[in-house]
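Below is one structure; the comments refer to it alone.
The values are calculated or read from the model by the stated rules, or taken from the named source; none is laboratory data. Everything quoted here is computed from the prediction, not taken from an experiment. Here Cβ is always computed from backbone atoms with ideal geometry, including for glycine, and neighbour counts include all displayed protein chains. With ligands, DNA and RNA removed, areas are computed over all heavy atoms of the protein, side chains included. Shrake-Rupley method; radii C 1.70, N 1.55, O 1.52, S 1.80 Å.
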Amino acid sequence: MDFKYTLEEETFREEVKNWLAENMKELPEWWGCRDIARPEIDSKEYLDFSIWWHRKLNAAGFLGITWPREYGGRGGTIMEQVVFYEELAKHRAPSPFNVHGMGWIAPAMLAFGTEEQKKHFIPRILNCDDIWCTLYSEPEAGSDMAAVQTRAVEDGDDFVVNGQKVWTSGGHYSDWAVLLAKTDPDVSKHRGLSYLFMSMRTPGITLRPLVQITGHADFNETFLDDVRIPKHQILGEKNRGWYVATAALEFERSGAGAAIQRENTIEDLIEMARKTERDGQLLSENPLIRQKLAQLYIEVNVGKYTDLRGLTKLLREGRPGSEGVISQLMGVGTGQRLQLLAMELLGPYSQLMRGSKYAFEHGRWQESFLQSRGSSIATGTPEIKRNIIGMRVLGLPRSY
Ligand SMILES: Cc1cc2nc3c(=O)[nH]c(=O)nc-3n(C[C@H](O)[C@H](O)[C@H](O)COP(=O)(O)OP(=O)(O)OC[C@H]3O[C@@H](n4cnc5c(N)ncnc54)[C@H](O)[C@@H]3O)c2cc1C
């Protein structure tokens with residue numbers, strides 16, 4: 001592994017740094033100041049802020065760095081993308097929005113879409129003109145994603161879709177959705193699926209919000225009743241949707257910059273321990289707390305170098321391979337342990353949420369702790385990730 005960056009990459013890093021130094025001045029005061037409460041994450045104010053920042057990043061040419069120029073991308077390299085996300089995390093700047101669109105839907109569209117689909121949708125995803133959500137999971141199909149029961153039946157120029165989806169993140173503010181549906185019920189479950197997409201304003205779609213332990217309603221149940229989707233709104237071939245969905249999941253599991261965000265968190269926890277007293281002693285002087293901080297510091301760094309090994313593989317082989325799953329499994333676990341330690345450092349104050357005048361930093365740690373619980377489920381549970389590592393990385397036989 002070569003840890004050095006090329007001259008071009010360092011020049012690009014300077015460009016990003018300079019841009020961030022200049023443009024982060026425009027961020028609202030609450031972004032950088034822990035003494036001011038942030039707007040609720042599911043509020044209109046936070047949504048507008050996220051879209052505004054996303055568009056600024058796009059206008060500066062920092063989004064879709066590796067995507068072709070003809071579809072609005074930068075036509076740059078994977079390393080430029082890595083450098084961008086590194087600097088974003090180091091500066092503690094807000095992340096781009098349109099997470100599903102940017103994370104896996106546009107990459108899947110670039111890989112499987114028609115020329116017309118790419119020309120129309122990719123620039124709109126990049127500029128957050130269309131926000132996208134993902135309709136895969138169902139009450140009886142989560143880890144076993146291929147078990148979806150939502151049916152798409154051909155009728156003239158359309159598919160007519162009926163079924164129920166669940167855990168639709170951001171469905172209530174999304175403009176478009178990708179949908180995994182059964183188009184052939186008579187073959188084995190992996191062979192009869194198609195990867196369709198539709199406007200969220202299509203008649204027959206009903207959303208019901210689901211409130212999480214954070215108190216926010218980012219999720220939805222989505223009911224589909226005789227929803228008509230034009231046949232051309234399909235990615236890849238009919239009945240080959242499983243192939244498109246699994247390729248899209250690979251993109252989803254290949255994150256960048258997350259290791260630096262964990263570095264930021266451990267630094268924050270060390271600072272918290274230096275400032276917090278318990279029983280007349282600073283927590284940073286308590287041997288048990290010191291050991292826990294040191295252990296997590298080590299984990300954060302092991303995760304960072306594991307990510308870099310994955311990156312080396314990506315650079316050599318051109319695809320985010322299954323090894324990315326190892327990084328994600330480790331990163332999510334470390335992230336959750338960091339949040340748990342924050343609760344331990346806060347002691348009895350950990351129970352005070354936003355709204356209490358005694359809540360530490362307006363309850364932002366409580367919120368991130370509660371939020372972190374779902375992070376080990378969202379992109380596949382740890383058990384499923386271990387199964388993938390066993391089968392695809394280690395080549396072990398299938399156990400179920
Ligand atoms: C924050 C968050 C955001 C999400 N956003 C979306 C979204 O936008 N769109 C969407 O479609 N879905 C979304 N999901 C749903 C997510 O993809 C599913 O929750 C996930 O795939 C797990 O499915 P499940 O909840 O049905 O659990 P189940 O699959 O029922 O699993 C229950 C338990 O059984 C274990 N298990 C299941 N199968 C196996 C196996 N073969 N081997 C070993 N153990 C097994 C699991 O590890 C788990 O512990 C989101 C979830 C979260 C938490």
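What is the set of long-range amide H partners of ALA181 at a cut-off below 5 Å, with H atoms built 1.01 Å from backbone N?
Amide H to amide H, under 5 Å and 5 or more residues apart or across chains, ALA181 pairs with SER194, LEU196.
What accessible area per residue comes out for the chain, rounded to a whole number of Å², with a 1.4 Å probe? Mind showing how you got there, number by number?
Working: 20250 Å² over 400 residues.
With the other protein chains kept in place, the chain gives 51 Å² per residue.
Find how many whole Å separate the alpha carbon centroid of segment 289-333 from the alpha carbon centroid of segment 59-116.
21 Å
Quick query: amide H of ARG278 versus all other amide H atoms, modeled in the peptide plane; which residues come in under 5 Å with a sequence gap of 5 or more or a different chain?
Residues meeting the amide H criterion: LEU283.
To the nearest Å, what is the center-to-center distance of segment 190-216 and segment 340-377, using C-alpha atoms only?
About 30 Å separates the Cα centre of segment 190-216 from the one of segment 340-377.
Roughly how tilted is helix 241-252, in degrees to the nearest 10 and between 0 and 90, from the longest Cα axis of the chain?
That helix lies at roughly 20 degrees to the long axis.
Can you tell me which of 51-58, 161-168, 373-380 comes out highest on packing, and rank the rest after it, using the mean Cβ neighbours within 10 Å?
On the way: 51-58: 19.1, 161-168: 21.4, 373-380: 15.9.
So the peptides 51-58, 161-168, 373-380, ranked by packing, come out 161-168, 51-58, 373-380.
Given a 1.4 Å probe and every protein chain left where it sits, what share in percent of the accessible area of segment 132-284 is carbon and sulfur?
Values: 3320 of 7010 Å².
Solvent-exposed carbon and sulfur of segment 132-284 make up 47 percent of the total.
Read phi for every residue in segment 18-28 and hand back ³J(HN,Hα) as whole Hz from Karplus 6.51 cos²θ - 1.76 cosθ + 1.60, θ = phi - 60°, with x for Gly and Pro.
Listing the rounded values in order: 4, 4, 5, 4, 6, 7, 5, 5, 7, 5, x Hz.
Could you give the nm distance between label points at TRP31 and GLU10, where each point is 7 Å from its Cα heading toward the beta carbon?
The modelled label-to-label distance comes out at 2.9 nm.
With both bridge residues required to lie in the chain, what share of the DSSP beta bridges run antiparallel, to the nearest 5%? Display every interim value, and only then the final one.
Details: 30 of 36 bridges.
The antiparallel proportion sits near 85 percent.
Tell me, what % of the accessible area of segment 1-111 is carbon and sulfur with a 1.4 angstrom probe?
That fraction is 53 percent.
Given a cut-off of under 8 Å on Cα pairs at least six residues apart, what relative contact order in percent is computed for segment 1-111?
Values: 70 pairs, mean separation 28.5, N = 111.
About 26 percent, as a whole number.
Relative to the longest principal Cα axis of the chain, at what angle does helix 364-378 sit, 0 to 90 degrees, rounded to 10?
For helix 364-378, the angle is close to 40 degrees.
With θ set to phi - 60° and the Karplus curve 6.51 cos²θ - 1.76 cosθ + 1.60, what are the ³J(HN,Hα) couplings of segment 381-395 in order, to the nearest whole Hz, using x for Gly and Pro?
6, x, 4, 5, 5, 5, 4, 5, 4, x, 7, 8, 8, 8, x
Modelled label-to-label distance, ARG191 and ARG373, 7 Å Cα→beta-carbon offset: nm?
For ARG191 paired with ARG373, the spin-label model returns 4.2 nm.
Distance check, please: which entries in LYS17/LYS56; LYS17/LYS90; LYS119/LYS165; LYS90/LYS275 exceed 19 angstrom between their Cα atoms?
On the way: LYS17/LYS56 15 Å; LYS17/LYS90 10 Å; LYS119/LYS165 29 Å; LYS90/LYS275 23 Å.
Going by Cα-Cα distance, LYS119/LYS165; LYS90/LYS275 fall outside the 19 Å limit.
Which whole-number percent gives the relative contact order of the chain, counting Cα pairs below 8 Å spaced six or more residues apart? Let's see the in-between values first.
Details: 605 pairs, mean separation 49.0, N = 400.
Relative contact order comes out at 12 percent.
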